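So the structure is just underneath, and the comments pick up after that.
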Amino acid sequence: MKPLDHEETDHSPAGDGHAHANEHAHGHDDHHEPGFWQKYIFSTDHKIIGIQYGFTALVFMLIGFALMILMRWQLANPGTAFPVIGSWFGETYMPNGVMTPEFYNSLGAMHGTIMVFLAVVPLAFGAFGNYVMPLQIGAPDMAFPKLNMASYWAYFVGGVIMFASFFVPGGAAKSGWTNYPPLSGIADNPMFKPDLYHVFFNGQTLWLVAMIFVITSSLLGSVNFITTVIQLRAKGLTWMRLPFFVWAQFISAFLLLLAFPPLEAAAVMQLMDRLAGTSFFMPTGLVVDGTAVDALSGGGSPLLYQHLFWFLGHPEVYVLILPALGIVSEIIANNTRKPLFGYRMMVYSVVVLGFLSFIVWAHHMYLTGMGTKISMFFQTTTMLISIPSVIIITSLLISLWGGSIRFNIPMLFATAFIPMFGIGGLTGLPLAFNATDLHLHDTYYVIGHFHYVVAPGTIFALFAGIYYWFPKMTGRHMNTFLGHLHFWPSLILMNGVFFPMFIQGMRGFHRRWYDGGQVWEFTQDLLWLNQVMSISAFLLAIAQIPFMINLFMSIKFGKKVTSDNPWNATTLEWATPTPPGHGNFLKEPVVYRGPYEYSVPGAPTDFSMQNEPDPETLQPAAAAELPTAKH
Amino acid sequence: MAGHSVEEIHAAKKKFLIVFAILAALTVITMLAHVVHLPYPWNWVVGLAIAVVKAALVAAVFMHMVGEKALINRTMLFTVIFCIGLMLLTVLSFFDHIPKLF
Amino acid sequence: MEIPYTVSARPDTGLWNAKIGIWLFLASEVMLFGGLFSAFIFLKLGAVADPSIKWGGDLNWQLGFVNTMVLIGSSVTVIMAWAELKLRNFKKFQMYMALTIGASFLFLIIKGFEYYAKFTHGIFPKTSTFYSIYFTMTGLHALHVIGGAIVLGYFWLAGRELYKRNPEHLANRVEVGGLFWHFVDLVWIFLFPIFYLLSSYPLTPAAH
């Protein structure tokens, strides 16, 4: 891609990472082929990095799923040995194949951690964002390619440390994915089990260290995304011509940038508590198993941790959903052959949503003893934030109206997303109100709510995105029959796993009960739902096998695409060669129109790509201006 | 920043030195305020106010926020709003709590 | 393949890439130190419970005062370094950078001496929540001083090479490094009065 006229050529080695510092006395041109390591392992190309994020995240998703399968067996058949592989986990965690309560807690804490921080966000933001966003804005790469590589490897190291934490004495972190002190302060603490635990190599400490790597990765990535969207948009690509996917990633990046640091501060403070003997979060008068632990604890505030955690925690859930909304938007516009309904309102909504998400966090803390005034503040902001959320999902629903809908596999997942996210979102409302949350907090209702949003919500959108952009990445389609085998059972079984949780939750089943609630009188007549959910979960696992086969098989044997734009889409990523090469575009793209010009009256085809200028016969669209003033 | 002319840079250098003098003076005033032991709440008010003024000078002049593009200034404005929101709401929750039952 | 706008500004935003990058990074740092300052307030309020324990104070404010002047001075020298670079006075640029890095060393030495004095008197982070937050915040700040000094040190030492190749690019990088340095100074501007001067005084009227 040749530099623009006014651009001063960047001669520094930190510029684009190739050619200038080439000292080789070869006769050929500057661009000598990078070796295997630089091309595929330590690549600075956003597409390779996106694929690295994607595969790493999918592996972690599989691990996180496997942890949950273990848990669901225990919940349906408490105290019984896990069949066949129960003995693999050793005498400490599963003696005779039966899970110990501590191991159950580890599984729960790590399932949440891995799914949120190592699987869904890296896939939605790291993988899709990295691969697709620069293509959709017509950029040759991210603004800071080396930083991009650093951000992937920081994530990788954090992931390895998280995974390794299973194998240290005492096992992985076991105080919930939230790691509230004082429980997290006394868990894996050498003071209580000096023979078993190590002062540094224990699950909780490694969790904290791993998070520092993951947060660093996130911060570097966010800086890159935001700068890239601002600076590297193609000529003519104004803000209101951006695909909604780019807006969604842009706002997600801001959320990650500003919300993660307080959690990083909290992680550092919890590490200080564990390693330096401080008591940031450990209160005075703490008593463990009947013994006062003054040596361990004094003067700290557990509540402080919760504030710092949830200050991140809430924007984090918007990071989980926004890229998914972006993906679904692209696929729905493409497969209804009409523009998105209410694009402008969707953009305003996502910006307002981003802002509001910073001031709602304490709705996760209604039961900490907060008074009525502060509860009312958070309740109000939480109700307000549902408005932009509803605007976006309603716009997506209305976008279907009057469309010429093509139900290909991406569209199936994207369409299913709408009611599933609807259920997830609506079930959040009783949780937003202090009064009803009193009953529902820490019950299975909460688990049902957030899983609906993330599992048949976000993850369905991510599947949709994989099926949709796979042809651009590989030049081949994924197999449709296997796609159906993946989609239909998954849709039904997701509901089988998560819907009963609302019922159990309203009855009062607690979260994190290791035995599924079997010892309580009030749970007895609903215990059978544990069986329903567990069987659904096992079958759901099997339903993912067609997807895994499809993914790998289609790379080599999938039906080849017949053009660079097999879906007849309008956005810029489809204007590249397949797969896009280094630099992405053969010549610098110029944008002449909005992102969803499908079925434009009078146009020769039912889609007009963004970089397609109008022929003279039609009404001239607003020509591409090279803006020089502030816009 | 390629738009700076030689004269502008020379003028800027003078500005930097003046601001340095002001910052040094404000630091000395902070010390004096500490030594005279102002009563509550003036000790906090004066101490923090001077800190805010110093920070504003560093941000406005050294970090060139005066005359910086709106994009950057607005981003930092929202950041500060969120930062103050975090501090304020956290502290308010400390004071507004359910009365102790025992 | 060239990434555009690494040195010259994009016409409609008026900014070059690293400038946005560093400001975004600084935004995240504001939130990081903001979270820690929130912790300070929370812990101080919580410490009211036992008035017999003196929470705060006990820091050498004279040394803190010196360090404040050192950092403010280094803020001026780094921006003078940038200005001289823009004027293409390479030697003066080198001098101001050396002063800046020297100031950072002085700051770290004084800080190290303060820490050492505390440790030898048996005062550690775990001694009280005041010392926990003091050591954590000033320690994190010191790590940022070290990081900034390393980056500025690289521009100073490798400066001649970078200057020969593309002086404007070097000026931009020094500006970016300088922005980070000013932020480090900014944090100290708040750390000093809060920890050294005010921390032992009650935050609320009730505590009187």
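Tabulated data for the structure shown
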| quantity | calculated |
| --- | --- |
| Accessible area expressed per residue, chain C, with surrounding protein chains retained (probe 1.4 Å, Å²) | 34 |
| Structure-based [θ]222 nm, chain A - -39500 (n - 2.57) summed over DSSP H runs of at least 4, per residue, nearest 500 | -17500 deg cm²/dmol |
| FRET efficiency estimate (nearest 0.05) - Cβ-Cβ, A:T80 to A:I555, R0 41 angstrom | 0.50 |
| Leading residue at positive end of dipole, segment C:59-198 (Cβ point charges), from C:V187, C:T120, C:A98 | C:A98 |
| Heavy atoms of A:T380 accessible to a 1.4 Å probe, total area in Å² rounded to 10 | 70 |
| Entries of A:K235/A:K560; A:K560/A:K587; A:K146/B:K69; B:K13/C:K91 with Cα pairs more than 28 Å apart | A:K235/A:K560 |
| Interface size B-C, as summed buried accessible area [1.4 Å probe, Å², nearest 100] | 4800 |
| Accessible area that becomes buried as B packs against A, both chains, 1.4 Å probe, Å², nearest 100 | 1500 |
| Surface accessible to a 1.4 Å probe, C:I123 within the full protein complex, Å² | 40 |
| A:T278, C:T120, C:T204, reordered so the largest accessible area comes first (probe 1.4 Å) | C:T120, C:T204, A:T278 |
| Accessible surface of the protein assembly as shown, 1.4 Å probe, proportion on carbon and sulfur as whole % | 71 |
| Accessible solvent surface per residue of segment A:46-575, calculated while the other protein chains remain in place, 1.4 angstrom probe, Å² | 33 |
| Förster radius 56 Å - calculated FRET efficiency between A:D195 and A:R337 (Cβ-Cβ, nearest 0.05) | 0.25 |
| Label-to-label distance, nm, for residues given as A:I542 and B:L32 (7 Å Cα→Cβ offset) | 8.4 |
| Cβ-based net charge around B:H10, under 15 Å, with every Lys or Arg adding one and every Asp or Glu removing one | +3 |
| Value of [θ]222 nm, deg cm²/dmol, for chain C, DSSP H segments ≥ 4, -39500 (n - 2.57) each, nearest 500 | -25000 deg cm²/dmol |
| Selection from A:M478, A:I49, A:L304 lying farthest towards where the dipole of chain A points positive, charges on Cβ | A:M478 |
| Stretchable slack from A:M376 to A:D606, in nm (0.36 nm times residue separation minus alpha-carbon distance) | 77.8 nm |
| Equivalent ellipsoid semi-axes, chain C, via Cα gyration tensor eigenvalues times 5, rooted, Å | 39, 19, 13 |
| Spin-label zone in segment A:150-167 - amide nitrogen under 15 Å from a point set 7 Å from the Cα of A:F42 along the C-beta vector | A:150-154 |
| Separation of the C:A98 and A:F407 label points, Cα + 7 Å toward Cβ, nm | 7.8 |
| Mean Cα-pair separation over length for segment A:407-467, i.e. relative contact order, pairs under 8 Å, 6 or more apart, % | 57 |
| MRE, 222 nm, helices only [DSSP H, n ≥ 4, -39500 (n - 2.57), over chain B, to nearest 500] | -25000 deg cm²/dmol |
| Residue-level accessible surface for C:E2, protein heavy atoms, 1.4 Å, Å² | 40 |
| For the protein assembly as shown: rounded, prolate or oblate by the Cα gyration tensor [a/c cutoff 1.5] | oblate |
| Label point distance in nm, B:V52-A:K587, each placed 7 Å from Cα along Cα→Cβ | 5.7 |
| Accessible area buried between chains C and A, both sides summed, probe 1.4 Å, in Å² to nearest 100 | 4300 |
| Relative contact order of segment A:238-343, pairs being alpha-carbon contacts under 8 Å that are 6 or more residues apart, as % | 35 |
| Crossing angle, helix A:46-76 versus chain A [Cα axis fit, 0-90 degrees, rounded to tens] | 30 |
| Order of exposure, largest accessible area first, which applies to A:Y93, C:Y154, A:Y468 with probe 1.4 Å | C:Y154, A:Y93, A:Y468 |
| Rounded FRET efficiency, nearest 0.05, which uses the C-beta distance separating B:I9 from C:S200 and R0 of 41 Å | 0.35 |
| q = 0.05 Å⁻¹: log10 I(q)/I(0) that the Debye formula gives for segment A:46-575, counting C-alpha atoms only | -0.19 |
| Positions from segment C:134-168 whose accessible area shrinks by 20 Å² or more when the full protein complex is built, not the chain alone, probe 1.4 Å | C:T136, C:R165, C:N166, C:E168 |
| A:R511, A:R233, C:R88, A:R344, reordered so the largest accessible area comes first (probe 1.4 Å) | A:R344, C:R88, A:R511, A:R233 |
| Chain C, relative contact order [Cα under 8 Å, separation at least 6], % | 31 |
| List of segment C:62-96 residues, accessible area with partners at least 30 Å² below that of the chain alone (1.4 Å probe) | C:F65, C:M69, C:I72, C:V76, C:I79, C:M80, C:W82, C:A83, C:K86, C:L87 |
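The values are calculated or read from the model by the stated rules, or taken from the named source; none is laboratory data. Computed from a prediction, not measured in an experiment: that's the story for all the values here. Here the Cβ is made from the backbone with ideal geometry for all residues, glycine too, and neighbour counts use every protein chain on show. For the accessible areas, the whole protein counts, side chains as well, though only heavy atoms, and no ligand, DNA or RNA atoms are used. Shrake-Rupley method; radii C 1.70, N 1.55, O 1.52, S 1.80 Å.
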